Every structure is written in C-alpha cells, then in structure tokens.
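The values are calculated or read from the model by the stated rules, or taken from the named source; none is laboratory data. Owing to the predicted nature of the structure, the values given are computational and were not obtained by experimental measurement. Backbone-built Cβ (ideal geometry, glycine too); neighbour counts: all protein chains shown. The area values use the complete protein model at the heavy-atom level, side chains included, leaving out ligands, DNA and RNA. Shrake-Rupley method; radii C 1.70, N 1.55, O 1.52, S 1.80 Å.
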Amino acid sequence: MTHTLVYPITAVHNAVGHLEVGGCDVVELVRGFGTPVVIYDEATVRDQCRRYVEAFGEHTADFEVIYASKALSVLAVEQLVLEEGLSIDVSSGGEYYVAKNAGFPPDRIFFHGNNKTREELQLALESGVGFVVVDSFQELDLLEELLAARGSSQRILLRITPGIEAHTHSFIQTGQIDSKFGFGLVDGVAMEAIRRSLESRHVELVGLHAHIGSQIFQLDAFRKAIEILVDLIRQAHERFDFVCRYLNIGGGLGIRYTEADMPSSIGEYVTVKVEGVREEMARVGLPMPRVLIEPGRSIVGKAGITAYRVGTIKEVPGIRTYVSVDGGMSDNIRPMLYDAQYEVMIANKADLPPDTVVTVAGKHCESGDVLVKDALIARPEIGDVLVTPATGAYCFAMASNYNGSLRPAVVMVREGEARVIVERESYQDLVAKQRPLRG
Ligand code: LLP
C-alpha cells in the first residue's frame, strides 16, 4: 500500500489487486451499492476522535472535543462520534435535528450561526440546548425576548472575531476583521457584547468562542488568536469582573488531501491550543477555563472515500485525456469552489503502476466540472472504479441535485461488513416535493 497517508487507516491492496477499506473490497462494494458511493471507514472516524481525546488528556482534564457536524451531518456517523465521547456543534435547525436524532443529549449541543432564526432558537431553547454561541446584538436581543417569555435562562458563549487572517483559502477564512461572523474587536464591539450579556437577566455568559478558519496548516494563527482572546478576557475581567469558564477556540486543523500536504498532527494542534491558553491565562493571572475545540474536517475527512465508475474517455490529442465519471460537482464541489486538490486511483487496478496522466471530469453540463487535473493513474478503461480519497468532509455535506443528479449512497464499512447509512436518492425523490402546475 503506497498511499496510506491520504486513505482511511484500514486501506490496503488486497490479494486480487483491489483497494480494500474496512475489510471490504471496494470493487465489490461498488457492485453491490452502485456508483457514485461514499464509503466511510468506522475505524478511522473512531481513531481520529480518540486521537483528540487522548491528546487533550495529556494536557488537562478540563476539556471538551466538539464535533462540527457541518462537515458531515449523518446520523450513523454522529452516533460513532457520540460513542467516542465527543459533544457536537450545529449551525442550523436542521443540523440540530439530526444531532438530536443521533442521540446527543441537548445539553451537549452547541448552537452556532450568524443568522439563527426565531424558530431555530425557539426549537433549541425548548429542547434544552446546552450552549448558544451568540453571533450578533440582534441575536442577543432576540434570545433575551424569547427567554423572558419562557421565564428561563440560557448559557451562552459570544463569538469573537479576533482579526486574524489564517493561511487558507479566502472562502474558508473566518477570523478576519471583514467578516460576517461574530463580534469584532474594533471600536469595542466585543466588549460591548460582553457588557450587555453580563447585564442581561436571562442569558448567562459563560465564555467566549472564536473560529478563525478551516484547513489551516500553520498553527501560529491559533496561538495568536488565543493571545487576542485572552487580552479581551483580561480587559473584561478588569472592567466587569467577567470570569471566562469556557474558551472555545474553534476547529480548523487541516488534513492531507494529497501526498504533498503537510498538516500538523492532532497532538501538535492540541498542544498549541491547550498550552497556549494556559500560558496566556498565566500571563494575565486569571484561572484556566475549560478548553473547547470544534474539529469537523479532521474527524471525518480522511475516513471517507468516493468511488465512481468511469464512463467515457476522451483524448484531446497533444493536450489532455478526459476520463469522465458518473458524479462530479454534485457530490464534490470542493475542487470548483476552493481549488481543492485530490489524489486518484483505480480501485480495480491497485497494483498496476500509475503511468497515465489524465483529467478526471464529472458528468455535469459545465466545463468547470473537473474533479482532478493531471492525475497520475493506472491506464484507465471504461468501467473502471475510480476512487478519490479524503472526501469524507464537506463533500456529501455540500452535495446537490444539480443536473438532476441523485445524491450518492453512503456506506459504512467495518471489519469486512458494509451497511448503507444513507440510501441513494431516487428519481422519485427529485419530484417528491414538487407539485405540478395543474391537477
Ligand atoms: N466551528 C465553526 C464555527 C466553523 O464555522 C467550522 C467550519 C468549524 C468549527 C469546523 O472547522 P474544521 O475543523 O472542519 O476546519 N466547506 C469548506 C469548509 C467550511 C468550514 C466552515 N466552518 C470546505 O469544504 O473546505
């Protein structure tokens, strides 16, 4: 097995020269479940969760690892994450609903979002959500109104925008000053949010939150964000006696999509976050809060691979060879949206030398529907099973019905057994919510 780094931890080349994951031959899986299919390796999801919990345990007993469910909001996967002892973050009423159905006790749910609706907040409050991460003054007012009407109180964190530009694609940077998220530090906005929360009769401000971006390789940006947050905590302590009991420093750890990617390890990332908080709190002479983090991509990204069937092969002489598969931007929009790079292999030719450079295209009516440019694979033929690894995060989560595509089936594998955890959509599903003009 040459590409262990971007594949699930159980991936091997089996005796018949096929890719095998979770003890299941990928070519057989495709025969049984069709294509495109997203295959999740249970062992890898559990392993990533455990790495986080163990890394934290080496530094502190007072922590919480919160799975950011936007990366993949699927019941069966959330159940694994729950079994591994993580909490969960949701960014909408829909994700809240899935998390609750997965069995998360509401008090372990963190509710995010820069524009939560009245209905979403009501739903969360009624079912006893653990923490609302408040993003704006309007939300603070709305919460206050809803809580006053209910005669109840609610623990909140305030989302702070620390003014950090993390080194990642601009679409997934979130900590910079010019951001739709959170309370900025300029003009004392964040301080004012702290003051108003502390004065509120119904919200109980227990801490702060910041998420500076996603797919981040350089840990210094997190360290800087912690320093800025702790300065705010110190000032709020001086002015209002504010005690920060929870400090949530978001997710963001990058993962390896290609062999060339060099992300930090979970251990290094956790060390920077926990020891960063410890050092900064010691600097300002205040007690250590509970340290919270919210990984999404690094929990499920590496656990998932997508398998397609090769349909057509077109050679444009002297320019390139297009290998078209039966999916594309409707199941993985990331290459088009963020210029994301992926590895490719042919699952039924795992042992053959990769000697052919091709461009892997989707089946959608757009020239931009290209999954991987200049991929080096074994010589492709019609009917081959083509796999893109590291597609476990933000792929199925952002899947669409563009061009009448059916969202793929999702299968979980473990020790030679495979089970469907999301059924493939059907043509009937495409019209199920539609109503004809007449009749
Ligand atoms: N917490 C908050 C408040 C977030 O907004 C996010 C991601 C996370 C945690 C989890 O971050 P992670 O550990 O996954 O980096 N669709 C994009 C990624 C968008 C990330 C949105 N927020 C992509 O495909 O790269």
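Remark: the residue 320-residue 259 segment gains 19.7 nm on full extension, using 0.36 nm per residue and subtracting the alpha carbon distance. Lys and Arg at +1, Asp and Glu at -1: add these up for the other residues within a Cβ distance under 13 Å of residue 292 and post the number. Local charge sum for residue 292: +2.
Here the simple spin-label model places points 7 Å from the Cα toward Cβ, and for residue 195 and residue 426 these points are separated by 6.0 nm. Ranking 254, 371, 265 by Cα position along the charge dipole of the chain, where only Lys, Arg, Asp and Glu carry charges on their C-beta atoms, puts 371 farthest toward the positive end. In straight-distance terms, cross-link reach from residue 373 covers every one of the lysines whose alpha-carbon lies under 24 Å from its own, apart from those fewer than eight places away in the same chain; here that gives 302, 314, 349, 363.
For the pair region 376-410 / region 84-143, the C-alpha centres are spaced 31 Å from each other.
Out of all Cα-Cα pairs in region 1-75, roughly what percent, to the nearest whole number, are more than 21 Å apart? Percent of Cα pairs beyond 21 Å in region 1-75: 44. Taken per residue, the accessible surface of region 1-104 reaches 36 Å², heavy atoms only and a 1.4 Å probe. Using just its DSSP H runs of length 4 or more, each adding -39500 (n - 2.57), the chain gives a mean residue ellipticity at 222 nm of -9000 deg cm²/dmol after division by all residues. For region 378-393, putting each phi into the Karplus relation 6.51 cos²θ - 1.76 cosθ + 1.60 with θ = phi - 60° gives couplings of 5, 3, x, 9, 4, x, 4, 9, 9, 10, 10, x, 6, 10, x, 10 Hz, in residue order, rounded to whole numbers and with x for Gly and Pro. The stretch between residue 50 and residue 437, if pulled fully straight at 0.36 nm per residue, gains 134.0 nm over its current Cα-Cα span. When you restrict to C-alpha pairs under 8 Å that are six or more residues apart and normalise by the size of the chain, the relative contact order lands at 20 percent.
Against the chain, whose longest principal axis comes from its Cα atoms, helix 220-240 is set at around 20 degrees. The mean sequence distance of close C-alpha pairs (under 8 Å, at least 6 residues apart), as a share of the length of region 191-321, puts its relative contact order at 27 percent. Once C-alpha pairs closer than 8 Å and six or more residues apart are averaged by separation and normalised to the residue number of region 159-249, the relative contact order reads 33 percent. For region 285-439, the alpha carbon convex hull comes to 233 Å³ per residue, rounded to a whole number. Globularity index of the chain is 1.04 (Cα radius of gyration / 2.2 N^0.38 Å, N = number of residues).
Within the accessible area of region 42-300, the carbon and sulfur atoms contribute 48%, probe 1.4 Å, all protein chains present.
Shown here are the Rg and Dmax of the Cα trace of region 42-300, at 17.3, 55 Å. Close Lys pairs in region 42-300, defined as Cα atoms under 24 Å apart and 8 or more places apart or on different chains, number 8. Taking 0.36 nm per residue of sequence separation and removing the Cα-Cα distance, the residue 145/residue 61 pair yields an extension gain of 26.6 nm.
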